[in-house]
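Novice: Pasting a structure here, questions to come.
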Amino acid sequence: MKRFRFRSLLGLLFAVVLVGLMGCGGSNVAVPTTYSSEQIAQLDIYTPRVAELRDRFPELEEYLQSKDWVNISAFIHGPMGELRANLGRVTSRLLPADAEQAQFYAAEIGTHLEKLDAAAAEYNQIEAAKQYREALDDFDAFLALVPEPSV
Ligand code: ZN
């Protein structure tokens with residue numbers, strides 16, 4: 001019993017160290033910190049398309065509250081169908097360290113929307129609402145990485 005406890009404590013310590021290491025990974029890398037005017041010009045084209053979809057995102061919340069499952073699915077496959085491509089166009093023009101994080105959030109948003117779609121198909125309001133909120137958080141985290149429009 002004592003030995004078991006000791007081992008599980010070691011395991012816990014190891015996990016804490018691992019998390020600490022992973023936490024430092026992204027922030028210590030030296031990267032260019034400024035955008036070229038060409039990158040900014042391109043981001044000025046593509047960022048508004050993502051921001052526009054972010055602004056429409058709360059439409060999903062209305063459908064969720066009224067348990068309008070059909071429109072949830074239609075919205076995900078309709079207006080949000082363009083989202084993945086638009087996130088990709090912005091991501092590829094970000095500074096390297098930001099692009100890596102943006103790619104992570106873009107993948108997260110996609111996963112949450114797939115799960116939201118699946119939850120809607122099962123009329124599961126609680127799960128659908130959870131996925132909606134997580135997608136929204138990841139969406140905002142994505143946009144926080146993107147420079148403000150220059151115009
Ligand atoms: Zn997420």
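None of the figures in this text is laboratory data; all of them are computed from the coordinates on show. Just so we're clear, the structure is a prediction, and the values are computed from it rather than from any experiment. So basically every Cβ, Gly included, is an ideal-geometry build from the backbone, and we count neighbours across all protein chains shown.
Novice: Looking at the stretch 52-144, which trypsin sites (Lys or Arg not before Pro) are in a loop (DSSP not H, G, I, E or B) and have at most 13 other Cβ atoms within 10 Å?
Specialist: Details: sites: R54, R56, K67, R84, R89, R93, K115, K130, R133; in loops: K67, R93.
Qualifying residues, ordered by number: K67.
Novice: How about the stretch 80-146: which GluC sites (Glu not before Pro) there lie in a loop by DSSP and see at most 16 other Cβ atoms within 10 Å?
Specialist: Loop-located and lightly packed - E122.
Novice: Starting from the Kirkwood Rh over alpha-carbon pairs, what translational D in µm² s⁻¹ does the stretch 36-144 have by Stokes-Einstein at 4 °C and 1.567 mPa s? Could you put the intermediate results ahead of the total?
Specialist: Working: Rh = 14.2 Å.
My calculation gives 91 µm²/s for D.
Novice: Also: Expressed in nm to one decimal, what extension gain is obtained for the pair R54 and E100 from 0.36 nm per residue of sequence separation less their Cα-Cα distance? Please list the in-between numbers first.
Specialist: Working: separation 46, 0.36 × 46 = 16.56 nm, distance 2.02 nm.
Full-extension gain reported as 14.5 nm.
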